[in-house]
1. Take the alpha carbon gyration tensor of the chain, find the square roots of its eigenvalues, order them as a ≥ b ≥ c, and report rounded if a/c is under 1.5; if not, report prolate when a/b exceeds b/c, else oblate.
2. Quote the relative contact order of the chain in percent (integer), defining contacts as alpha-carbon pairs under 8 Å separated by 6+ residues.
3. Based on the Cβ-Cβ distance from Met63 to Gln269, what FRET efficiency comes out when R0 is 30 Å, to the nearest 0.05?
4. Report the calculated FRET efficiency for Thr21 and Ala49 (r = Cβ-Cβ distance, R0 = 25 Å), to the nearest 0.05.
5. Counting only protein heavy atoms and using a 1.4 Å probe, what share of the accessible area of the chain belongs to carbon plus sulfur, as a whole percent?
6. Using a Förster radius of 30 Å, what is the FRET efficiency between Ser215 and Leu128 based on their Cβ-Cβ separation? Nearest 0.05, please.
7. Sort Tyr97, Tyr150 by accessible area with a 1.4 Å probe, largest first.
8. Taking 0.36 nm per residue of sequence separation and subtracting the Cα-Cα distance, how much length would be gained by fully extending the chain between Tyr150 and Ile165, in nm to one decimal?
Amino acid sequence: MLFYLCKRLVLAVTIVVTAVTLLFLMIHSVPGDPTAILLGPRATPEMKAQLYQQMGLDRPFVMQIATFFGGLLRGDLGYDVFSQRPVAEIVFAQLPYTIGLILLSILWAAAIAVPLGCYSAMQRNSLLDQAVGVVAVATIAIPSFVMAVYALLIFAVALRWLPSIGAGNGFRDGLIHLILPSFAMGIGWVGYISRLVRASMLETLGENHIRMARSFGISEWRIVYRYALPLAILPTVTILGVGIAWLLSAAVFVEVVFARPGIGALLVQAVNTRNYPIVMGVVVVTTFFIAIATTLSDLINAGLDPRNREKV
C-alpha cells in the first residue's frame, strides 16, 4: 500500500506541473494589454513599462515560468497587482467557501443517490426503477447554471423560502445560504450516481459470491449492503474524485449567479481585469485540490479492493 501511495503521489505531482505549465502558456497567450486594463486609457508609456516590469512580463516566457515555479516551491504565489497583498492570502481566504459548496453538493447527492441506485437494482424494471431512470436522465441533461437560475427564481424570488445571494453570517445562516447553490450543483449528480450505482450493483449481484450468500439464506438487504455495495461503490468513488474538476467549473457559474464569495467568482474577476498573479494562484490551488481529490479516491478504491493497487 505504501508503494502504491508513492506512485500516486508522483503521478499527482506530474499532473500538477503539466497542468500549470499549459495553463501558464494559455493565460499569457490571451489577447489584450493587461496594463491598459489595469492603468486605464490615460496611462503613459512609462507607467505601462513600469507595470510590465513589476508583473515580470518584460522577461522571456521561460524565465517567467521558472521564476513562478521557484516561488511555488517556497509557497510564494506572487502579489496582487491591485492591493499588493500576497496571492496565497487572497486565494485561501476564498477557498473555504468553494470547498464547503462542493462538499455539501457531493454529500447530499451521494446520500440520496447511493440508496436510490441500490433500490433500483433490487427492483429492476419496476415502475420505480423506470421513474428513477427518467428523472436521472432529465437532471443530468440540465446544466448547473440553468438549474441555478431556475432555483433562484422559484425558491428565492417567487416563493421567498430561501435567501438569494451572499454567503450569510455565522454557521447556521451560512448553511441556509448554501441550500440553493448546493442544490443547483448536486441535483445532476443524484441522477448520474444513482444510474452508476444501479449498473454496478446489477453486475455485482450476478457474481458467484453473491449467489453463495443467497444459498446460505442471508437476507437480500444484508447481501446488498454488506457484500455487494462495497464492490459496487468503487466506480462511484472514482467518479466522485474525478468529478471534483467538474464541480469546480460548475462553482464558477453558481457563485456568479448567487453572488457568493469563492475562488470561482475570484477567477472571473481576475480574468476580466487581466490580473495574472490571481489567475495563476487560483489555477495552482485548484489543480492541487483536484490532484489531491483524485489521489484520495484512488487510495479509497485500493483500500476497498486490493486488486487496484497493481494499477497506476
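The values are calculated or read from the model by the stated rules, or taken from the named source; none is laboratory data. Predicted model, so just to flag it, every value in this text is computed and none were measured. A quick note on method: Cβ atoms are made from the backbone with ideal geometry, for glycine too, and the neighbour counts reach across all protein chains shown. Areas reflect the complete protein model, heavy atoms only, side chains present, ligands, DNA and RNA absent. Shrake-Rupley method; radii C 1.70, N 1.55, O 1.52, S 1.80 Å.
1. oblate
2. 27 percent
3. Plugging the Cβ-Cβ distance into 1/(1 + (r/R0)^6) gives 0.60.
4. In this case the efficiency is close to 0.35.
5. 69 percent
6. That pair, Ser215 with Leu128, gives E of 0.60.
7. Tyr150, Tyr97
8. My answer for the length gained is 4.0 nm.
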